[in-house]
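Notes follow the structure.
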Amino acid sequence: MPSPCARYHVRELTRADAQSCAEFVDNLERCDIRSRFASVTLVLDALLPRERPEGKGTALGAFGEPDMLLGVVNLEPLADGDIEIAIIVRSDFQRRGAGYCLMTQAIALASNGLSNRLVAYVSPENGAANALVRKLGFRVVAIDRYATEIVLPLH
């Protein structure tokens, strides 16, 4: 069986991708937007990499044909040396491999650095994301009613 990643082109996003990101935001449904991407007005800014005191973030996009952005994963350095990872995939492409492809490439990218682990916060109600992170080896470290904190050791 061919890899689900064969259907998508994953690459790093830059400021030149602002138009693709704007179209992506326009195609999101309200239920697609989770806590990291707090509201539709904040999503566009949250999609592209940001410069922070802890370092520059990285954003990867999964593109389908014809070069349509279907999902984004962000890697943001944290003050303690960990990296926060956050993903958003259009609801009409969830459970089709786009999130898996984004996450595996993001994990590979983060593993090449000096960070010890990836940290993510997933809503307990987000079944697709919870299944994906378990499949990729993340483990739960804390749970509250709003989010489950999960980590993946990198080394």
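The values are calculated or read from the model by the stated rules, or taken from the named source; none is laboratory data. This is a predicted model, so every value here is computed, not measured. As a convention, Cβ positions derive from the backbone with ideal geometry for all residues, glycine included, and neighbour counts pool all protein chains shown.
Checking GLY127, GLY81 one by one, the residue that is exposed (fewer than 14 other Cβ atoms within 10 Å of the Cβ), more than 29 Å from GLU65 (Cβ to Cβ) and out of contact with any Cys (no Cβ under 7 Å at 6 or more places or on another chain) is GLY81 and no other.
Counting just the residues of the stretch 130-143 that are outside any strand (DSSP E or B) and touching a Pro at 6+ places or on another chain (Cβ under 9 Å), which one comes out surrounded by the most Cβ atoms within 10 Å (Cβ to Cβ)?
So in the stretch 130-143, the residues outside any strand (DSSP E or B) come out as 130-138.
Pick out the ones that are also touching a Pro at 6+ places or on another chain (Cβ under 9 Å) and you get 130, 137.
Details: ASN130: 17, GLY137: 11.
Selected residue: ASN130.
May I ask you to verify whether ALA120 is at negative phi and touching an Asp or Glu at 6+ places or on another chain (Cβ under 9 Å)? So ALA120 fits the description; yes.
Looking across the stretch 106-116 at every residue that is surrounded by fewer than 18 Cβ atoms within 10 Å (Cβ to Cβ) and not small (Gly, Ala, Ser), the one that is modelled with the highest pLDDT is identified as LEU109. Within the stretch 73-113, the set of residues being part of a helix (DSSP H, G or I), under 21 Å from SER123 (Cβ atoms) and β-branched (Val, Ile, Thr) comprises just one member, ILE107.
A search for C-beta distances below 9 Å between a residue of the stretch 116-129 that is of a type in the set (Phe, Trp, Tyr) and any residue that is in a strand (DSSP E or B), counting only pairs 6+ apart in sequence or on different chains, returns TYR121/GLU84; TYR121/ALA86; TYR121/THR148; TYR121/GLU149; TYR121/ILE150. The conditions of being farther than 20 Å from ASP26 by Cβ and either of a type in the set (A, V, I, L, M, F, W, C) or in contact (Cβ under 8 Å) with a residue 60 or more places away in the chain (or both) are not met by ALA98. Across the stretch 23-67, the number of residues qualifying as modelled with pLDDT of 80 or more, in a helix (DSSP H, G or I) and touching a helix residue (DSSP H, G or I) at 6+ places or on another chain (Cβ under 8 Å) comes to 2.
Being in contact with a Leu (Cβ under 6 Å, 6 or more places away or on another chain) and among the aliphatic types (A, V, I, L, M) holds for only one residue in VAL73, VAL122, VAL140, VAL133, and it is VAL73.
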